[in-house]
Amino acid sequence: MAHMALIVGFDLDMTLIDSRPGIRACYQALSERTGTYIDADLAVTRLGPPLAEELINWFPAEEVAAMADLYRAMYPAIAITATPAMTGAREAIAAVREAGGRAIVVTAKYEPNAKLHLAHLRIEPDAVIGDLWAEQKADALREHDAGVYVGDHVGDVRGARTAGALSVAVATGPCPAEELRAAGADVVLTDLTEFPRWLSDYRPARA
């Protein structure tokens with residue numbers, strides 16, 4: 001499918017933001033609140049999938065939904081200010097705008113909390129769509145006619161490919177470059193600092 005406008009989707013955790021400090025602190029607080037052991041240091045090495053997929057490692061299945069609600073309620077006061085932008089995040093969004101395009105964020109994170117992160121960091125995409133993971137992300141990418149999706153996880157690669165978008169992967173999350181390539185990423189960058197130059201080369205190729 002030909003995409004006439006430049007519309008680029010970005011993942012959030014470990015792509016635009018380094019969510020490890022805030023998520024670690026929130027898991028530690030949840031552990032203290034519930035009296036349930038959670039290895040927060042381990043949990044932040046496997047960010048990407050939905051919250052429930054991590055909580056099932058620490059809570060009985062019948063408690064996961066309630067624990068997810070509690071975590072999300074605690075999250076704004078604990079995780080937002082503790083979370084920095086990834087190096088190159090603002091510049092990547094700016095590069096899309098400077099190219100005349102639109103930048104959207106499509107993330108598995110609970111959408112209200114995703115928006116809080118972006119507002120706190122003064123990163124202003126054109127749209128934020130939350131609560132979508134892996135192949136589910138294709139729904140939002142298609143709806144917004146995104147021709148490129150940038151993410152750090154093999155789930156992001158699957159989402160891009162399902163949507164028929166170009167998969168641009170950054171090796172800043174839990175998946176190393178080799179794993180991202182093996183999953184089918186079209187482009188693998190070390191981090192977002194390489195994105196503006198890549199984008200400047202990609203646009204003539206599109207034309």
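The values are calculated or read from the model by the stated rules, or taken from the named source; none is laboratory data. Small disclaimer: the values here were computed from a predicted structure and weren't measured. For neighbour counting, all protein chains shown are included, and Cβ atoms are generated from backbone atoms with ideal geometry for every residue, glycine included. Remember, those area values only see protein heavy atoms, side chains included, never the ligands or the DNA or RNA. Shrake-Rupley method; radii C 1.70, N 1.55, O 1.52, S 1.80 Å.
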Globularity ratio of the range 100-141, using Cα Rg and 2.2 N^0.38 Å: 1.14
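Want the number for residue 181 to residue 37: 0.36 nm per residue separation, take away the alpha-carbon distance, what's left? Mind showing how you got there, number by number?
On the way: separation 144, 0.36 × 144 = 51.84 nm, distance 3.52 nm.
Residue separation times 0.36 nm, minus the Cα-Cα distance, leaves 48.3 nm.
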Kirkwood hydrodynamic radius of the range 115-163, from inverse mean 1/r over distinct Cα pairs, in Å: 11.4 Å
Span from the the range 76-94 Cα centroid across to the the range 10-29 one, whole angstrom: 9 Å
In sequence order, calculated HN-Hα J values of the range 156-173 (Karplus, 6.51, -1.76, 1.60; Hz; x Gly/Pro): 5, 4, 4, x, 4, 5, 5, 7, x, 9, 5, 8, 10, 10, 10, 8, 10, x
Distant-in-sequence amide H partners of residue 14 (H built 1.01 Å from N, under 5 Å): 19
Residue (of 59, 5, 95) at the positive-pole extreme of the range 1-152, dipole from beta-carbon charges: 95
Heavy atoms of residue 23: accessible area, 1.4 Å probe, square angstrom to 10: 10 Å²
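FRET efficiency for residue 61 and residue 200, Cβ-Cβ distance as r, R0 = 35 Å, nearest 0.05? Kindly include the intermediate steps, with their values, before the conclusion.
Details: r = 48 Å, r/R0 = 1.38.
It comes out at approximately 0.15.
When Rg is the radius of gyration of the Cα atoms in the range 50-178 and Rh is its Kirkwood radius, what does Rg/Rh come to?
Details: Rg = 15.4 Å, Rh = 15.8 Å.
With Rg and the Kirkwood Rh in hand, the quotient comes to 0.97.
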